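Participant: The structure is given below, and queries will be raised subsequently.
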Amino acid sequence: MYVASSSMLTPTALGGSAPTGRRAGKLSSRAEATLPIATKLRRSTNGRRTVAPVRAMAFSDPMPEARIKVIGCGGGGGNAVNRMINSGLQGVEFWSLNTDAQALVQSQADNRLQIGKQVTRGLGTGGNPELGQRSAEESKDMIMEAVQGADLVFITAGMGGGTGSGSAPVVARLSREAGNLTVGVVTYPFTFEGRRRINQAAEAIEALRQNVDTLIVIPNDRLLDVVEEGTPLQEAFLLADDVLRQGVQGISDIITVAGLVNVDFADVKAVMNNSGTAMLGVGVASGKNRAEEAALAAISAPLIEHSIERATGIVYNITGGSDMTLQEVNAVSEVVTSLADPSANVIFGAVVDEKYNGEIHVTIIATGFATPGFKVHGSKQGGAAAGGQGAASSTPSGGGSGGGGLPWNNGGGGGGGGRGGFLDSRR
């Protein structure tokens, strides 16, 4: 607080004209009304005026931001984290967690965590999820430190192996206990990887689903519908890693990238908290009907299994260049809202970015599908395996042989305008 004499408080000193006559050395009510807004006048008990600067919002101060962490569990999760780092994903803290000390050396993450030093001695789990779980429990204190101080934690892994399958549910449980919004983004093995890995993956996914707010499962087999014939094996596996990246980036960008119509962390949390099932769609289109085509691509791309009609929560974000029009925003909104349940919680955002001139990008997060749980049917080694005996399907379209009730084995998804990628899972 600054104390000033009456001469210091003349309008001249404050940028106004000097008073005359009886008003000299004083401030009239008119003069007081012309004072800068950021200056507050008060009388002290002895009658002298005091000037107390009022602190306006200081835009130079760092604004609070949602803290987002991505934890890659096992080899597949570590590869996905490397892919995200190489893609330039910003505003995210990366962690790589593994039982294999040699694999951690290859990690590009700033934060690396070797778990289960007593259980595995840094040599990995040999594809045994039980060892992965025991390793995570052994290193529970270190994992708890890793998940502290976050608002949103992504747990990514390739299911079916040892470390990822065993540790991911433990990491998820500790993250939720720390109060974080916890999202699992994992892959399901290719059929050619064998029944053992497929059974392990199904059990691990069910364990993970019980410990996350939202789970996105990406079936690797569906990537066979996306990649062109003759694609090299290494490139195909990179594509699987990139789909994990797409799942994480699609959600984190909605939170971290400021928009013309902004979607904040609280919006995303309202839709994803305790939602169980999530689908993430990304569509890109250019040309005359780019808005409608991008929206259709996001909701009907090759990896989608069902419509967003049954979703109880939807967040969608539209990104375009300075040439994006109000009519195009309306066209995207009409496509999304026409398919959404009338009672769904729908949140909308829009971002104008010059680098997207000529294109429209649409990202949709849909959650809260009232579908049966993802379960391993029959015996422990039963019909969850792709190609196994068909049990009662967890999909609305019914079960059948060859699928064992897994959600992505009931036929292919539709196409759509533009380019799209949709990540799908069932609760």
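The values are calculated or read from the model by the stated rules, or taken from the named source; none is laboratory data. Since this is a predicted model, take the numbers as computed values, not measurements. Positions of Cβ are generated from backbone atoms using ideal geometry, with glycine treated the same way; all protein chains shown enter the neighbour counts. Side chains included, ligands, DNA and RNA excluded: accessible areas come from the protein's heavy atoms. Shrake-Rupley method; radii C 1.70, N 1.55, O 1.52, S 1.80 Å.
Participant: Of the residues that sit in the stretch 354-370 and are assigned to a strand (DSSP E or B) and open to solvent by less than 30 Å² (accessible area, probe 1.4 Å), which one is farthest from LEU215 (Cα to Cα)?
Facilitator: Pass one, the stretch 354-370, residues assigned to a strand (DSSP E or B): 359-367.
So of that shortlist, the ones also open to solvent by less than 30 Å² (accessible area, probe 1.4 Å) come out as 360, 362-367.
Values: ILE360: 27, VAL362: 21, THR363: 17, ILE364: 15, ILE365: 12, ALA366: 11, THR367: 10 Å.
Once the filter is applied, the top-ranked residue is ILE360.
Participant: So, restricting to strands (runs of 3 or more DSSP E) that lie completely within the stretch 30-110, which ones have at least 3 residues that are modelled with pLDDT of 60 or more? Before you say what the answer is, go through the steps one by one.
Facilitator: Working: elements: 39-43, 49-53, 68-73, 93-98.
Here the list reads 68-73, 93-98.
Participant: Within the stretch 138-146, is even one residue among the basic types (Lys, Arg), outside any helix (DSSP H, G or I) and surrounded by fewer than 21 Cβ atoms within 10 Å (Cβ to Cβ)?
Facilitator: Restricting attention to the stretch 138-146, the residues satisfying the condition of being among the basic types (Lys, Arg) are 140.
Checking which are outside any helix (DSSP H, G or I) leaves us with none.
The answer is no; no qualifying residue exists.
Participant: Taking the stretch 245-301 on its own, how many of its residues are under 23 Å from THR214 (Cα atoms), assigned to a helix (DSSP H, G or I) and acidic (Asp, Glu)?
Facilitator: 2
Participant: Within the set of pairs 6+ apart or on separate chains, which have a first residue in the stretch 165-187 that is within 18 Å of ALA66 (Cβ to Cβ), a second that is of a type in the set (Lys, Arg), and C-beta atoms under 7 Å apart?
Facilitator: LEU181/LYS269; THR182/ARG176
Participant: Listed residues GLY162, GLY158, GLY124; which is in contact with a Pro (Cβ under 8 Å, 6 or more places away or on another chain), closer than 28 Å to PRO219 by Cα and open to solvent by 10 Å² or more (accessible area, probe 1.4 Å)?
Facilitator: Numbers: GLY162 fails: open to solvent by 10 Å² or more (accessible area, probe 1.4 Å); GLY124 fails: in contact with a Pro (Cβ under 8 Å, 6 or more places away or on another chain).
Going through GLY162, GLY158, GLY124 in turn, the sole match is GLY158.
Participant: Something else about it: Restricting the first residue to the stretch 324-353 and requiring it to be without any contact (Cβ under 8 Å) to a residue 12 or more places away in the chain and open to solvent by 50 Å² or more (accessible area, probe 1.4 Å), which pairs with a second residue that is part of a strand (DSSP E or B) and not aromatic (Phe, Trp, Tyr) meet a Cβ separation below 7 Å and a spacing of at least six or different chains?
Facilitator: THR337/VAL346
Participant: Do we find that ASN262 is in contact (Cβ under 8 Å) with a residue 24 or more places away in the chain, open to solvent by 60 Å² or more (accessible area, probe 1.4 Å), more than 30 Å from CYS73 (Cβ to Cβ) and not aliphatic (A, V, I, L, M) in this structure? Break it down stepwise before answering.
Facilitator: Working: in contact (Cβ under 8 Å) with a residue 24 or more places away in the chain: yes; open to solvent by 60 Å² or more (accessible area, probe 1.4 Å): yes; more than 30 Å from CYS73 (Cβ to Cβ): yes; not aliphatic (A, V, I, L, M): yes.
Judged against the criteria, ASN262 is a match.
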